[in-house]
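Asks: Quick one: the structure is below, questions incoming.
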Amino acid sequence: MGAAPQELLNPPEPPPGTPKPPSFRETLGKFAQLYWRKIVANFTPLSVLALVAAVAFLGGLPPPVRSWIQVSAIGFLLAGFLQPAFDQAGADEAAWLLEMPYLGYSHAFFVLLAGFGSGLVMDRWLKSLPIAAGASALLALFLGAFSFRQNVTFCSQRNHWFGWMYGRDMLADLPKDSFVYGGTDPGRFVPTYMILSESFEPKKFKRDKNFDRRDLYIITQNALADAFYNQYIRNHYSTERPAPRGWVDKWLGRDKHYPKAPLVLPRQEDIMAIYQAAGGNGSLVPPTLTLIPRC
């Protein structure tokens, strides 16, 4: 792990007239309110009550079980509240969309605690195994239906065609066997889907019946110096592409999924030689990596 950037350890003085940033306590309070609203929307109020039950029963539990709940609670507190507060996260929807990918493990801690709580409640008041099993099944159905109903409008992509239009318009008119260089995430992931997935769909399922760009090469040029990325691009497009193995690979279309003409791509040792040559010449920027189609 690298050291923290100096601009984070010693942030520059803000310009005169800049509003004072919110305090840690204020940030924590506002984000906590937002986080609990999202917890209720995603896991239902019953899940929150189950978490409360886990804490309420804590004193009467044997030490090993108590330790599990305490560790999960500390993890939930650190991951769900303190980390975003130290990160100075905002408390609006835009801030939530930025923080949400990093809060998955806090949800895992919450689910553990809610599971502990619901299990303890059933163990305390539902002694009959058939009744407990039936109650668990009904509870699971209710939780799933509640979460679906709460989130379907926001999450549904029905009739949201912007991503498809972006990818289709980018690729439809390119010359045959073109190289597509994607710089940003949308510039690579969207055409990757359109080339490697949409192109192989049966025409009856396509919005544009004639869209088929399986002949294109999709590459992020500025990532070719990364060893892992370079390896899987070589597995896609170079002569090192693994041969289809068995009927499953052929059923999946692996033998027809990529353009036939291979590319000459640098290996890891070639990349290291480029960097060493760039350093030896006093240049901070390595020479451009060249991709050459092989006929």
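Asks: Quick test of your reading of the structure: C155 fulfils all but one of (1) loosely packed, with under 10 Cβ neighbours inside 10 Å; (2) more than 30 Å from F76 (Cα to Cα). Name the failing condition by number.
Replies: (2)
Asks: Tell me, please, whether a residue that is closer than 23 Å to F31 by Cα and surrounded by 18 or more Cβ atoms within 10 Å (Cβ to Cβ) can be found in region 115-129.
Replies: No; the residues of region 115-129 include none that is closer than 23 Å to F31 by Cα and surrounded by 18 or more Cβ atoms within 10 Å (Cβ to Cβ).
Asks: Against the definition (touching a Phe, Trp or Tyr at 6+ places or on another chain (Cβ under 7 Å), modelled with pLDDT of 90 or more and farther than 26 Å from F148 by Cβ), how does I69 come out, yes or no?
Replies: yes
Asks: Ok, one more. Can you pull out the residues in region 49-74 that are surrounded by fewer than 17 Cβ atoms within 10 Å (Cβ to Cβ) and under 19 Å from W125 (Cα atoms)?
Replies: Of everything in region 49-74, those that are surrounded by fewer than 17 Cβ atoms within 10 Å (Cβ to Cβ) and under 19 Å from W125 (Cα atoms) turn out to be L49, V52, V55, A56, L58, G59, G60, L61, P62, V65.
Asks: Would you check which residues across region 152-197 are assigned to a loop (DSSP other than H, G, I, E, B) and charged (D, E, K, R) and list them?
Replies: Listed by number, the residues that qualify are R158, D173, K176, D177.
Asks: Take region 226-251 and flag every residue that is over 23 Å from the mean Cα position of the chain (by Cα), part of a loop (DSSP other than H, G, I, E, B) and surrounded by 12 or more Cβ atoms within 10 Å (Cβ to Cβ).
Replies: Scanning region 226-251 gives S238, E240, R241, P244.
Asks: Something else about it: Being among the charged types (D, E, K, R) and surrounded by fewer than 14 Cβ atoms within 10 Å (Cβ to Cβ) is the filter; apply it to region 252-270 and report the residue that is farthest from K176 (Cα to Cα).
Replies: Only one residue tops the list, namely E269.
Asks: Sticking with this one: State whether the residues of region 178-197 include one that is among the β-branched types (V, I, T), over 19 Å from the mean Cα position of the chain (by Cα) and loosely packed, with under 15 Cβ neighbours inside 10 Å.
Replies: No, every residue in region 178-197 fails to be among the β-branched types (V, I, T), over 19 Å from the mean Cα position of the chain (by Cα) and loosely packed, with under 15 Cβ neighbours inside 10 Å.
Asks: Where in region 39-132 are there helices (runs of 4 or more DSSP H), lying wholly inside it, with at least 1 residues that are closer than 30 Å to P21 by Cβ, of a type outside the set (F, W, Y) and in contact with a Leu (Cβ under 7 Å, 6 or more places away or on another chain)?
Replies: Passing ranges, in order: 63-77, 83-86.
Asks: Check R188 against each of (1) among the basic types (K, R); (2) farther than 30 Å from R254 by Cα; (3) touching a strand residue (DSSP E or B) at 6+ places or on another chain (Cβ under 7 Å) and name the one condition it does not meet.
Replies: It is condition (2) that R188 fails.
Asks: Can G2 be described as modelled with pLDDT of 90 or more and under 28 Å from the mean Cα position of the chain (by Cα)?
Replies: Here the answer is no, as G2 does not meet what is asked.
The values are calculated or read from the model by the stated rules, or taken from the named source; none is laboratory data. Bear in mind that the values here come from a model prediction, so they are computed numbers and not experimental data. We place every Cβ from the backbone using ideal geometry, glycine too, and count neighbours over all the protein chains shown.
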